[in-house]
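The structure under discussion appears below in the form of structure tokens.
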Amino acid sequence: MGFYSKHIFPRLVELSLGRGPVRDQRRAALASLHGHVLEVGFGTGLNLPCYPSQVTRLTTVDSETMLPGRVADRIARSHAPVQQLRLDAGGRLPFEDESFDGVVTTFTLCSIGEVAAALAEIRRVLKPKADYVFLEHGRSDDPRIARLQDRFNPITKLIGCGCNMNRPIDKLIAAAGLRIAKLDRVVMPDSPRILGELYRGVAKRSDA
């Protein structure tokens, strides 16, 4: 990681995605979780204060470590024990099939290179009937906004450390063999609409 991606970009994320309205969206997204949960794309731990008390253990994976002092402070204040793991270059989750009572991604699917493979791994480690909970920004259902997203996506990828603003999150999840049980579409307040189109929902294995 370069200086920008390791030190500056995480602080920009904290400012934009750690504030009140977005924190409320995180709490709403995570509300159904319980037991042993896996968070893919842990970042700086902004979800930690938002997990319900029914979550008794949290395992996290990320390909990078960002703002370690801030992360350590959030982990120390977590009500549930937290285990942090680094994701290897292959991208395969280091867990047995059907290991978790729930899996979480928040503002993560936009920047994963092989997003279809990542979602297939999420499906693999979910227990039958467990929830995959997601809160992601992505492609607008307004054609005019979607065209703007396509136009400016190369710039966003450059300054956003690989972030894609135009991914159709619901379609990607469904294509991975996950059935969307609940989906809310909202626009993030005080944010340009090309960046603020949110997908908040719950999916389950399609065979469950």
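Details
- Residues of segment 106-152 satisfying the condition of being crowded, with 16+ Cβ neighbours inside 10 Å and assigned to a loop (DSSP other than H, G, I, E, B): Phe107, Thr108, Leu109, Cys110, Ser111, Ile112, Gly138, Arg139, Ser140
- Annotation note: Cβ proximity below 9 Å between a residue of segment 184-208 that is free of Cβ contacts under 8 Å to residues at least 40 places away in the same chain and a residue that is in a strand (DSSP E or B) and among the acidic types (Asp, Glu) (sequence gap 6+ or interchain) occurs for Val187/Glu197.
- If you check Phe100, Phe95 for being surrounded by 13 or more Cβ atoms within 10 Å (Cβ to Cβ), among the aromatic types (Phe, Trp, Tyr) and farther than 19 Å from Leu135 by Cβ, only one passes: Phe95.
- Hits in segment 26-49 - residues which are open to solvent by less than 40 Å² (accessible area, probe 1.4 Å) and farther than 21 Å from Arg123 by Cβ: Arg26, Gly43, Thr44, Gly45, Leu46, Leu48
- Here segment 162-208 is the region considered, the condition is being open to solvent by 50 Å² or more (accessible area, probe 1.4 Å) and part of a strand (DSSP E or B), and the residue that is farthest from Val104 (Cα to Cα) is Val187.
- Those residues of segment 1-19 which are exposed (fewer than 13 other Cβ atoms within 10 Å of the Cβ) and either of a type in the set (Ser, Thr, Tyr) or assigned to a helix (DSSP H, G or I) (or both), in sequence order: Phe3, Tyr4, His7, Ile8, Leu15
- Tally, over segment 86-135, of residues that are over 16 Å from Ile169 (Cα atoms), in contact with a Lys or Arg (Cβ under 6 Å, 6 or more places away or on another chain) and hydrophobic (A, V, I, L, M, F, W, C): 1
The values are calculated or read from the model by the stated rules, or taken from the named source; none is laboratory data. Because the structure is a prediction, the values reported are computed rather than measured. In this analysis, Cβ positions are derived from the backbone assuming ideal geometry, glycine residues included, and neighbour counts consider all displayed protein chains. Note: areas computed on protein heavy atoms with side chains; ligands, DNA, RNA excluded. Shrake-Rupley method; radii C 1.70, N 1.55, O 1.52, S 1.80 Å.
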